[in-house]
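This report concerns only the one structure given below.
Each reported figure results from applying straightforward, stated rules to the coordinates on display, with no laboratory input. Source: prediction; values computed, not measured. With ideal geometry, Cβ positions are generated from the backbone for all residues, glycine too; neighbour counts draw on all protein chains shown.
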Amino acid sequence: MDAYSRRLMCLVFALLVSKGYAQESTSLVPAIMTFGDSVVDVGNNDYLPTIFKANYPPYGRDFANQKPTGRFCNGKLATDITAETLGFTTYPPAYLSPEASGKNLLIGANFASAGSGYDDKASYINHAITLTQQVEYFKEYKGKLAKVAGSDKSASIIKDSIYLLSAGSGDFLQNYYVNPLINHLYTPDQYGSMLIDSFKTFVKNIYGLGARKIGVTSLPPLGCIPLARTLFGYHEKGCVAQFNTDAQQFNKKLNSAAASLQKQYPDLKIVVFDIFKALYDVIKSPSNYGFVEATRGCCGTGTVETTSFLCNPKSPGTCPNATQYVFWDSVHPSQAANQVLADALIVQGIALI
């Protein structure tokens, strides 16, 4: 985070504390609720019969205790860093984990699942928690929270919490582009419109359950992700231009949908986090951000492993210094890149605090 951004955050923090808005934990919001895909999954998939897991080395090698937690990263996710910036000393737990109980529920919960996205059918095939089911789990969470905190306090927590959603990348990279049953039926633009319908339904549903501050990430530059370069780049240098165009078209629709929802629900605050530009700038000029490698991941071969796009548990070869890599595996950013993204998130998300 640059000096200006840090000063801005300190000023906001001081104002909120002086007005008495900060919670007992001195965090800027009472809780964080997270929905979506592998970019924000903190371990829910450890409890599911799916191939999309990160509960083995080298995942988590730079996290606390150097242990894998189910995060698809060498260390912290952008949402972890955001939670710290907002004043949280512990992270909201994965909802399916034993930690999601008692007083731990007071700071929120994480419902995200690797292999999930806006397209419930694709999520179902991946044995991930569909976005629809994540909303059902949130409904269940509300009941548990009321028992722990009492109805008045739980209602206040639900209303003042920040709700984060990360979805869409897997819908395109692991479904649309590789599934002829879909990409022969729909253009990327048509498929994107279907995903936007799912986004609007999600927002309406959690609004109906009390959410009032929602942040959603845009699509990243899909054509620059190592998986896309390897499978679809045809050994050409640079990003897959068409995929980036598709992502930008989707992001326009997402911004338009968010603006429409904002008008429909005047008491709703909704922010679209521009992940595309933040990550694209790093990939195009990595040395400006302290990175050396932006075209392949740190773990395994760094492109695509023999069975999947994840690190290979049988040959956990990794680069010696992940801080030099924008990507950790062939899809997910490293902790160092997540820091850059989190800095962008917190500045763009001031309106939610």
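On full extension of the chain, what length is gained from LYS253 through LYS121, given 0.36 nm per residue of separation minus the C-alpha to C-alpha distance?
Here the answer is 45.4 nm.
Need the full-extension length gain, ILE51 to GLN190, defined as separation in residues times 0.36 nm minus the C-alpha distance. One decimal, nm.
47.2 nm
For the chain, what is the calculated [θ] at 222 nm in deg cm²/dmol (nearest 500), taking -39500 (n - 2.57) for each run of four or more DSSP H residues and dividing by its residue count?
Counting only the DSSP helices, I get -12500 deg cm²/dmol.
For the charge dipole of the chain, defined by +1 on Lys and Arg C-beta atoms and -1 on Asp and Glu C-beta atoms about the Cα centroid, which residue among SER101, LEU131, ILE283 has the Cα displaced farthest towards the positive pole?
The residue sitting farthest along the positive end of the dipole is SER101.
If we count every other residue with Cβ under 11 angstrom of THR217's Cβ, Lys/Arg +1 and Asp/Glu -1, where does the sum land?
-2
Can you tell me the length gained on complete extension of the stretch THR201 to PHE232, counting 0.36 nm per residue apart and subtracting the Cα distance?
Residue separation times 0.36 nm, minus the Cα-Cα distance, leaves 8.0 nm.
Beyond 32 Å, what share of the Cα-Cα pairs of the range 22-352 remains, rounded to the nearest whole percent?
Summing the P(r) tail past 32 Å for the range 22-352 gives 23 percent.
Quick check: convex hull of the Cα atoms in the range 206-353, volume per residue, rounded to a whole Å³?
In the range 206-353, the Cα convex hull volume per residue is 130 Å³.
Once you list every other residue whose beta carbon is under 9 Å from the beta carbon of GLY75, what net charge do they have if Lys and Arg are +1 and Asp and Glu are -1?
Summing Lys and Arg as +1 and Asp and Glu as -1 gives +1.
Grab the other residues whose beta carbon is less than 12 angstrom from that of PRO188, score K and R as +1, D and E as -1, and report the net.
In short, -2.
Quick one, could you list the DSSP H helices from the chain stretching 20 Å or more along their long axis (Cα atoms) with average Kyte-Doolittle hydropathy of 1.0 or above?
TM-like helix candidates: 3-18.
State, in angstrom, two size descriptors of the range 135-254 derived from its alpha carbons: Rg to one decimal place and Dmax to the nearest whole number.
18.4, 59
Note down the magnitude of the dipole of the chain about its Cα centre, charges +1 on Lys and Arg C-beta and -1 on Asp and Glu C-beta and zero elsewhere, to the nearest 20 debye.
580
Label-point separation (nm) for GLN324 and ASP267, each offset 7 Å from Cα along Cα-to-Cβ?
Output for this residue pair reads 5.4 nm.
Sort 136-142, 37-43, 198-204, 342-348 by packing, meaning the average of other beta carbons within 10 Å per residue, with the highest value first.
Sorting 136-142, 37-43, 198-204, 342-348 by mean packing, highest first, produces 37-43, 342-348, 198-204, 136-142.
Which residues does the label zone of SER156 cover in the range 104-123, counting backbone N under 19 Å from a point 7 Å along Cα→Cβ?
104-109
Can you tell which of PRO98, PRO286, PRO188 shows the greatest fluctuation in a Gaussian network model of the chain with Cα springs below 10 Å?
So, out of PRO98, PRO286, PRO188, the one fluctuating most is PRO98.
For the chain, what is the percent of antiparallel DSSP beta bridges, rounded to the nearest 5?
In the chain, DSSP labels about 10 percent of beta bridges as antiparallel.
Would you mind computing, in nm to one decimal, how far apart the modelled labels at LEU181 and GLN133 are, each placed 7 Å from Cα along Cα→Cβ?
With each label placed 7 Å out from Cα toward Cβ, I get 1.8 nm.
In nm, give the distance between the simple-model label positions of THR26 and LYS284, each being 7 Å from the Cα along the Cα-to-Cβ direction.
About 4.0 nm, to one decimal.
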